[in-house]
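Take a look at the structure below.
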Amino acid sequence: MRRRTRQSNERLSWVAVVGLFACGDAVVTPSAGGVQSAGGAEKPPIAGVFAAGTVAAPTPTVASTSQSGAASVPPLAASGVPVGGAAGVAGTVVVAAGSAAVGSGVTYHKDLRPIIEARCLGCHVEGGSGPFPLDQWDKVEPYKGLVVHAVELRRMPPWLADASDCTKLRDDQRLSDEQVALFSSWQASGFAVGDEADFKSIPSRARPAIGEPNLIIKAAQPHKLNPGQEYYACLQVDTRVTEELWVTAMDLVPENAEFVHHAIVSVGGGSCSALGTTAENIYSYRPGSQTLVFEKGDALRIAAGSVIAIQYHYNTKFAPRGMTLPTDHSAFRLWTLPAGQKPERAIVRMPHHDLLINIPVNAVDQMEGGSQAISSEYTRPGAEIIGISPHMHYLGQTFKETVRKSDGSTVCLIDIPAWDQDWQLDYLYDPAHYIPIADGGRVTQECMFSNRAEDQGIGPDGKPFTPMYTTFGEDTRQEMCLGYIWFRYPLSGAL
Ligand code: HEC
């Protein structure tokens, strides 16, 4: 669960259409809603069947979206807005001892470009979620100082976890200290461009070959974006899944990445306001989210009878004046096992919350958290911890979670040295490092908060909030210290 925030009467509620692709069919829609185009490609059959006729009548009740009701978030790209080249941004020059970079002629083509191509172009291309492309020297040039600065601060690439003393992560995007040092040396030596012939690509994160999704969930109608606002819209899929679905991968593809700040998908509760209560949050989209792909043989269950709700958080406040806003028709995409097929292992998520948060005004580096035994619901025979999704709001500074196993050993689950509210990512481990937990254990999380004026989020008026006494809660102005721990366990018949 991420931020839920508006009163239900302020929500936009759409009728959802579940585009259902089956065997090269077009799309089956449960009732007279809008039909999604299937794109004509052959699709594998899917397991879930949605009962026809259970979709609510198309009553797109448009809510007032007064900004006062909307929780706010730092503006997308606020600090990333191209404000001149910022070539003169001062950066501490960190040169790692023994690094190849020391004193040598670091150049863009030889040293920087391979890293930028492997780690930045996933977002910094025309039309990507990054605020400007970085795919050619003349695109990089105006931002070179800013690039070095963002890399040195480890704001970019967005990947908050430091796995150096923690469990090894799959898809780790963090640059090594040596790579960061190269950016610093490059700046120190005057941003040399170098010779294009020196460029050698380095491997980038392999995209898993998972084919096309077999279930796509979209609103019945494209959503017309409200100008100059930051607001939430709730897409509620009232259609019930009539057969259980086993999800092997999922993602959310924003149609307009520029305006979709985040989206939260939950299952079970049946409404956005149930986020974090009865519903199970199964996926969160943030700029930079990637397709969440479970290992072969693993899948997450969506039970028959479940209701899916998607909460979109839009921000159009930074659209250029006079711009005609596009509509948004973002898609939540699921890859599922064929009907009737069960995976070898089931994936489940356990939320581990600290509910007793009390952060006085001006508190600095205040530690909150707590520990909890892992319930037997998760520690079934063969169970392993496969990852974690940490969550805090604006005042969060650091996040650390460990598990103490029954043999007394302690394993680090996640270590986030500098929390950033804008990047709520899912961290899955390298499968060779999954943590066996069948004998049970105790998880402990430590969340550090600061509540000074300079640590506040940005309000709808673009100004920082005034510090206030802060307790636990889902509103952005309240705080959370939450770790969703991902488990998997062999199905071996019973569920
Ligand atoms: C997963 C997507 C993603 C990746 C990968 C990524 N960026 Fe970004 N970048 C963004 C987004 C989105 C913003 C604007 C939002 C923000 O400022 O937080 C941004 C902002 C920036 C900015 C503006 C300053 C700032 O800190 O906001 C710079 C410079 C930058 N990125 C450089 C890079 C470099 C260099 C890399 C690779 C080493 C990289 N980015 C990788 C998405 C990405």
Using DSSP to define loop residues, name the chymotrypsin sites (Phe, Trp or Tyr not before Pro) in the range 146-252 whose beta-carbon has at most 10 other beta-carbon atoms within 10 Å. none
Cross-link table K218/K317; K224/K317; K168/K400; K110/K296; K139/K200; K144/K200, entries beyond 26 Å C-alpha to C-alpha: K110/K296
Would you please classify the overall shape of the range 345-490 from the alpha carbon gyration tensor, given that a ≥ b ≥ c denote the square roots of the eigenvalues, rounded means a/c under 1.5, and beyond that prolate means a/b larger than b/c while oblate covers the rest? prolate
Scan the range 403-495 for trypsin sites (Lys or Arg not before Pro) in coil per DSSP, keeping those whose Cβ has at most 15 other Cβ atoms within 10 Å, and list them by number. R452
What is the extension gain from L356 to E117, computed as 0.36 nm multiplied by their sequence separation minus the C-alpha to C-alpha distance, in nm to one decimal? 81.6 nm
Rounded, prolate or oblate: pick one for the range 108-190, where a ≥ b ≥ c are the square roots of the eigenvalues of its C-alpha gyration tensor, a/c under 1.5 means rounded, and failing that, prolate if a/b is larger than b/c, else oblate. oblate
Between S376 and D195, with labels modelled 7 Å along Cα→Cβ, what's the label distance in nm to one decimal, could you check? 7.0
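Bear in mind these aren't lab numbers, they're just calculated from the coordinates by the rules spelled out. Fair warning: this is a prediction, and the values are worked out from it, not measured in the lab. All Cβ positions, glycine included, derive from the backbone under ideal geometry; neighbour counts span all protein chains shown.
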